[in-house]
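Written out below as structure tokens is the structure these notes cover.
Every read-out reported here was derived from the displayed coordinates using simple, explicitly stated rules and does not represent laboratory data. Treat the numbers as computed from the prediction; the structure is a model and nothing was measured. Note that each Cβ is placed from the backbone with ideal geometry, even for glycine, and that neighbours are counted across all protein chains shown.
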Ligand code: NAD
């Protein structure tokens, strides 16, 4: 077995400065072929092109809305046969919102859950059976420190609740898929420098947040990408159902 005859599927890896794209690069550098599914089709294709050029692996980028079952089904059908089978899945596509609980609407609540939880379900439900059949799989969820400490970075109650749902998803799925050679883990990043907040975490607020981080800086995408790539290794088969903090010590528990 080798990762060069497998594909790592990373959702939401279009975003240029995002965790997903950095993860796709790190996985490709480790030999994985790459499939990228992102709402923004042009960015997914751009990322795939960049990865093929830089790492000499096969890479495919497709437009896909993870909240839409038909969109997920057609993207996965397009992958079938065009790249090697999916051996790793990184459920990275996510959205956040700082809306306070006393102001949040049901519509916004549902949207946060649709992308972070239902979106991960839509993909995982379709990819996991093949992993189980082939007796090998690595699934990683992008949760958040917000799930563990109750917000306090940027995301509000809806985001914290959705990310906490991913932790339960991870643990129960790890139990169920373990006998099939599939590990399921979560990473819980703290403040990582990306565009997810649309620039809303700058200036005074950022200075305050960094003051509460023992290592004295915000995290960068490579900090998270390296950990995910480690969890996806074939050799990392005895770690499952775990949540890994990548937060510079901002939440120690
Ligand atoms: P980002 O905004 O840079 O990237 C998110 C990507 O998801 C984008 O490319 C976007 O197009 C895609 N996406 C959004 N909705 C989608 C949908 N419906 N279908 C398909 N793709 C969709 O964000 P990021 O900071 O790189 O975050 C990546 C993940 O890490 C998210 O799940 C986020 O919640 C989590 N996270 C981020 C931080 C942080 O500080 N940046 C901290 C903790 C957790």
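The table for this structure:
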item: Cα centroid of segment 180-253 to Cα centroid of segment 126-159, whole Å; result: 12
item: Separation in nanometres of the label points that stand 7 Å from Cα toward Cβ, at residue 211 and residue 104; result: 2.7
item: Helix-only [θ]222 nm of the chain, DSSP H runs n ≥ 4, -39500 (n - 2.57) each, per residue, nearest 500; result: -13500 deg cm²/dmol
item: Rounded D (µm²/s) - segment 100-191, Kirkwood Rh over Cα pairs, Stokes-Einstein at 20 °C, 1.002 mPa s; result: 154
item: Computed log₁₀ I(q)/I(0) - Debye formula, equal Cα scatterers, no solvent, the chain, q 0.09, 0.14, 0.17 Å⁻¹; result: -0.35, -0.88, -1.32
item: Spatial separation of Cα centroids for segment 65-81 and segment 5-35, in angstrom; result: 17
item: Volume per residue of the C-alpha convex hull in segment 52-111, rounded to whole Å³; result: 125
